[in-house]
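The values are calculated or read from the model by the stated rules, or taken from the named source; none is laboratory data. All values reported here derive from a predicted model rather than from experimental measurement. FYI the Cβ positions are ideal-geometry reconstructions off the backbone, even for glycines, and counts take in every protein chain you see.
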Amino acid sequence: MGFMDRGSILIVDDEDFTRDGLAKILTGDGFFVQTACNGETALLELRKRKFDLVITDLK
């Protein structure tokens, strides 16, 4: 099963540890993962491609 079979996820969080840790776990589970450190960067990523799920920090 390849990356695109599991879906694509955008993770948006300003904390490197949280963002990178979650990305590592989800990539290991076979998801395509893109990360963004803030809302502005997230919007740029959303203009580039469609994601099946966006995980974001609300604080």
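Summary table below
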{"item": "Matching residues, region 31-59, being modelled with pLDDT under 95 and closer than 23 Å to R6 by Cβ", "result": "D57"}
{"item": "Region 44-58 - residue that is touching a residue at least 24 places away in the same chain (Cβ under 8 Å) and among the aliphatic types (A, V, I, L, M) and, of those, surrounded by the fewest Cβ atoms within 10 Å (Cβ to Cβ)", "result": "L53"}
